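Written out below as structure tokens is the structure these notes cover.
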Amino acid sequence: MSYQHQYSDGTHIHFPLGKVVCIGRNYAEHAKELNNPLPSEPLLFIKPGSCVVPLDGGFCIPQDRGVVHYEAEIAVLIGKPLSRNPSPEEIRDAISGFAPALDLTLRDVQARLKEKGLPWEIAKAFDGACVLAPFVPGDAVEDVTDLGIRLTINGEVRQDGNSRDMLHPILLMIQHVCGHFSLQAGDVLLTGTPAGVGPLNSGDELVLELLGHTRFDTRVV
Ligand code: ZN
């Protein structure tokens, strides 16, 4: 299904979908569960726009490339261009929305790549690897340092995180990203996953929430 940015009230957002900039190991508890050291500066990677699918109505996972892990993350939609060294105020003003998202990962493939010191793209950038829910408007979120994300699978809460526990908070993370890549309207940031990642299976029923803002039901088809 083709993807277009939209707000949770159904309004279309007229920015073209750009790149998805992701941060790895942004919650200490998650780094620990995968036995990864804590990075001293943000560990960044990019998912291309081609891997983004809407959360509405269910999504598919690859069947033939090993274990697929879910990573529930707070997604941030950029609505104005940002380049080197924007102030936190400029960054806040450039944020058009927040949404819950899934950063899907071929964990077995990623483990092999990590072992060899190779880039992660084939584990992180396959078609369908970024599942995005509709966004709540940026100004609907009062405090970006207190934003909760929760993933429930088949009735059981698997991930329950809050942006206050991020090693690199959202605005500072975006400032860091801008030191490496310019951001355009329509780009998305995935801000890292809290502890509790695990495998997805066909038929799983998911509830993805941006606490106090939005809640979506979806499934693995
Ligand atoms: Zn992730």
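The values are calculated or read from the model by the stated rules, or taken from the named source; none is laboratory data. Just so it is clear, the structure is predicted and the values come from calculations on it, not from any experiment. Cβ placement follows ideal geometry from the backbone for every residue including glycine, while neighbour counts extend to all protein chains displayed.
Can you tell me which residues in the range 138-161 are of a type outside the set (A, V, I, L, M, F, W, C), in contact (Cβ under 8 Å) with a residue 12 or more places away in the chain and under 30 Å from VAL221 (Cβ atoms)?
We begin by selecting, within the range 138-161, every residue of a type outside the set (A, V, I, L, M, F, W, C); these are 138-139, 142-143, 145-146, 148, 150, 152, 154-156, 158-161.
If we keep only those that are in contact (Cβ under 8 Å) with a residue 12 or more places away in the chain too, we end up with 138, 145-146, 148, 150, 152, 154-155, 158-161.
Listed by number, the residues that qualify are GLY148, ARG150, THR152, ASN154, GLY155, ARG158, GLN159, ASP160, GLY161.
Does HIS69 satisfy the criteria of being within 16 Å of the ligand (Cβ to nearest atom), of a type outside the set (Val, Ile, Thr) and at pLDDT 95 or above?
On the way: within 16 Å of the ligand (Cβ to nearest atom): yes; of a type outside the set (Val, Ile, Thr): yes; at pLDDT 95 or above: yes.
When the stated conditions are applied, HIS69 passes them.
Could you identify the single residue in LEU183, LEU211 that is more than 16 Å from the ligand (Cβ to nearest atom), within 17 Å of the chain's Cα centre (by Cα), surrounded by 19 or more Cβ atoms within 10 Å (Cβ to Cβ) and at pLDDT 95 or above? Talk me through it step by step, then tell me what you get.
Numbers: LEU211 fails: surrounded by 19 or more Cβ atoms within 10 Å (Cβ to Cβ).
LEU183 is the lone residue from the list that is more than 16 Å from the ligand (Cβ to nearest atom), within 17 Å of the chain's Cα centre (by Cα), surrounded by 19 or more Cβ atoms within 10 Å (Cβ to Cβ) and at pLDDT 95 or above.
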How many residues, within the range 7-61, are surrounded by fewer than 16 Cβ atoms within 10 Å (Cβ to Cβ), away from the ligand (no atom under 16 Å from the Cβ) and among the acidic types (Asp, Glu)?
-> 2
Test result for THR193, closer than 19 Å to VAL68 by Cα, surrounded by 14 or more Cβ atoms within 10 Å (Cβ to Cβ), polar (S, T, N, Q) and at pLDDT 95 or above = yes
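Can you tell me which residue is nearest to VAL197 (Cα to Cα) among those in the range 73-95 that are within 16 Å of the ligand (Cβ to nearest atom) and out of contact with any Asp or Glu (no Cβ under 8 Å at 6 or more places or on another chain)?
Our first condition is that a residue be within 16 Å of the ligand (Cβ to nearest atom); within the range 73-95, this holds for 73-76.
In the following step, the residues that additionally are out of contact with any Asp or Glu (no Cβ under 8 Å at 6 or more places or on another chain) were identified as 74-76.
On the way: ILE74: 14, ALA75: 17, VAL76: 20 Å.
That would be ILE74.
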